[in-house]
1. In the range B:342-371, how many are out of contact with any Phe, Trp or Tyr (no Cβ under 7 Å at 6 or more places or on another chain) and within 14 Å of chain A (Cβ to nearest Cβ)?
2. Could you please find all residues in the range A:90-103 being touching a residue at least 12 places away in the same chain (Cβ under 8 Å) and either more than 7 Å from every other protein chain (Cβ to nearest Cβ) or crowded, with 23+ Cβ neighbours inside 10 Å (or both)?
3. Taking the options B:THR239, B:THR284, name whichever one is more than 14 Å from chain A (Cβ to nearest Cβ) and more than 27 Å from the chain's Cα centre (by Cα).
4. Could you identify the single residue in A:ALA137, A:ALA149, A:ALA131 that is within 21 Å of the chain's Cα centre (by Cα) and without any contact (Cβ under 8 Å) to a residue 60 or more places away in the chain?
5. For the range A:1-62, list the strands (runs of 3 or more DSSP E) that sit wholly inside it and hold at least 2 residues that are under 18 Å from A:GLU163 (Cα atoms); which are they?
6. Out of B:ALA69, B:ALA39, B:ALA62, which single residue is touching a helix residue (DSSP H, G or I) at 6+ places or on another chain (Cβ under 7 Å) and surrounded by fewer than 17 Cβ atoms within 10 Å (Cβ to Cβ)?
7. Condition first: over 18 Å from B:GLN56 (Cα atoms), surrounded by fewer than 15 Cβ atoms within 10 Å (Cβ to Cβ) and at pLDDT 80 or above. Now tell me which residues in the range B:89-139 satisfy that.
8. Would you point out the residue of the range A:107-136, among those that are within 13 Å of another protein chain (Cβ to nearest Cβ) and small (Gly, Ala, Ser), that is surrounded by the fewest Cβ atoms within 10 Å (Cβ to Cβ)?
Amino acid sequence: MHKQNIIEVDGLTKKFGDFTAVDAISFQVKRGEIFGFLGANGAGKTTAIKMLIGLSRPTEGKGKVAGFDIDEEAEQVKKNIGYMSQKFSLYDDLTPKENIRFYGGVYGLSRNRIKERTRDILKELRLEEVADKPVVALPLGWKQRLAFAISMVHDPDIVFLDEPTGGVDPQVRRQFWETIYQVAEQGRTIFVTTHYMDEAEYCDRVSIMVTGKIEALDTPEKLKETYNANTMDEVFLRLVRY
Amino acid sequence: MQTLRYLIQKEFIQIFRNKALLPMMTALPIIQLIVLSNAASNDVKDVRLVMVDNDQSEISRALTQKIDANDRFTLVEVSFSHDTAFELMQRNKADIILEVPANFERDYHRKEAPKVQMLVNAINGQQATVGSGYLSNIIASLNKEIQPQLSQTIGSQMAAVEVSSNNWYNPELKYPHFMAPGILAELAALLTIVLSAMNVVREREIGTIEQINVTPIQKWEFILGKLVPFLCIGLVLVTVGLLASKLIFDIPVRGSLFLVFGYAIINLVCVLGLGLLISNFADTQQQAIFVAFFFVLIFILMCGLFTPIESMPKWAQYATIPNPLAHFISVTRKVLLKGSSFWDIRWEFIYTIILAVLFNVAAVWSYKKQQ
């Protein structure tokens, strides 16, 4: 494994019966990169991400995340990654504090470390005032940022974000991307799926998935150049049309 | 182990914060316990009887009086006509017709062994069998009363076998004493099985289970983290239920309560294992509850609470061995009413431990972190 590559995937395939959801995809992600994983709904993004984070076993192909085999060492992979799904899997009936404590505990953090992280997260997100109110009462944008922070409670090298901005209004989306930049600056790798093409502009490199295959992979600038387009949206439309 | 602590803590916070769950876990079972223990009685009272007295003799009148004096029977009518009596049964006004033929007394004295006829409305099987049993007893006892008088006059002594019966362990045949421990066991099993199955599936529906599956948590930790809180709830329910049974029905506690609770823990672990196993195969709460009810219904109907296991066909008796509820009921009845010791209920312990291990190993094994 190349020292710079934190994710390496080779011919990764997932089949459900006759249906091939992910068709032999190969790519690398460098340490510290913001890697955009784009595609229309149903292109196979979520299936691919689930194989990388050890929720789903690949039918064929190999992959390494943070130096561990995604199939044989899935539990090792899990120690080194954070994951936030589009559902922001927080417990609605628990408070922000309790959510942080619970996930910190499940990741095996010490009691002192949990206290530390709780204080930091609440301060960083300015959630101190609602720290003891059930999460259900929080606005969607706050929930989203809390879920993001909790997915990193154990200081993982890589964070996987599966459509983190789904159903959120544009202004909140902008704010969220600012948070993503801050996290990336700390040296963490961000692997993010989205179907908002404007978000692709924020990524260091993007791959575009069409019906299970990666059709394009490069920096947003190079892609626009190659496809002679002004926006990522146009790039995407050209790819889908072919 | 530390992870486990956080799992259990989180579960308890959620349980105590859920406004609907707590009353459901405490008040409802107590109400059920009180209502069912009183209502689900096999006691037969108020058997409606029509007497057709074609003889109008001393014996037949004595019989009528004896029946009338018995508080289990209500003499609806004394008639001379078979048709009138039959009409009453047709209209569901009578459960039993007792017909004394003409010349009954004369034949009796001639030792021709005359027969009285008992027509039983067997639509209600319980009422019919138990009622006719009582009636046979009354007739037999009347027979016994007349016999000595007869033998004195005729001078031939007849030997009679006398059967006297005593009801041990529940001398007054109080049905709540018999039912309450069983219903308590049933409620504890039912509640924990449904709660545990629903709980995990709910996490799957909300999506939090996916979040847990991307953590390095061990499978057994997850299962145990679900099992322990519901085990505590089950034990609270058993305690409150026993207390209510004692206060309301004054059920006897002849054996060791440690034994009851020791067994209850194993039994609850067993049914919780089944609940968690079910939850691993259900995607929605509806699916979970349907499958849970499939098992719960079989368990309840074949647990010996309403129909004695001893009177089931042989195959069905064997089918109660993998039924944790049957063992629970057997243990509570034996220990509370009979004062049985550990040795007397060792088989219940052994079977339940085997089932508990099977269900829980299967639950851990079938819980998939990776699809």
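The values are calculated or read from the model by the stated rules, or taken from the named source; none is laboratory data. Just so you know, these numbers come straight off a predicted model, no measurement behind them. For neighbour counting, all protein chains shown are included, and Cβ atoms are generated from backbone atoms with ideal geometry for every residue, glycine included.
1. Number satisfying all stated conditions: 4.
2. If we filter the range A:90-103 for residues that are touching a residue at least 12 places away in the same chain (Cβ under 8 Å), which is where we start, we get A:90-97, A:99-101, A:103.
Answer for the range A:90-103, where residues must be touching a residue at least 12 places away in the same chain (Cβ under 8 Å) and either more than 7 Å from every other protein chain (Cβ to nearest Cβ) or crowded, with 23+ Cβ neighbours inside 10 Å (or both): A:LEU90, A:ASP92, A:THR95, A:PRO96, A:LYS97, A:ASN99, A:ILE100, A:ARG101, A:TYR103.
3. Numbers: B:THR239 fails: more than 27 Å from the chain's Cα centre (by Cα).
Every option except B:THR284 fails the conditions.
4. On the way: A:ALA137 fails: within 21 Å of the chain's Cα centre (by Cα); A:ALA131 fails: within 21 Å of the chain's Cα centre (by Cα).
Answer to the check: A:ALA149.
5. Numbers: elements: A:5-16, A:19-30, A:34-39.
Ranges flagged: A:19-30, A:34-39.
6. Numbers: B:ALA69 fails: touching a helix residue (DSSP H, G or I) at 6+ places or on another chain (Cβ under 7 Å); B:ALA39 fails: touching a helix residue (DSSP H, G or I) at 6+ places or on another chain (Cβ under 7 Å).
None of the other options fit; the residue is B:ALA62.
7. B:GLN90, B:ARG91, B:ASN92, B:LYS93, B:GLY133, B:SER136, B:ASN137
8. A:SER110
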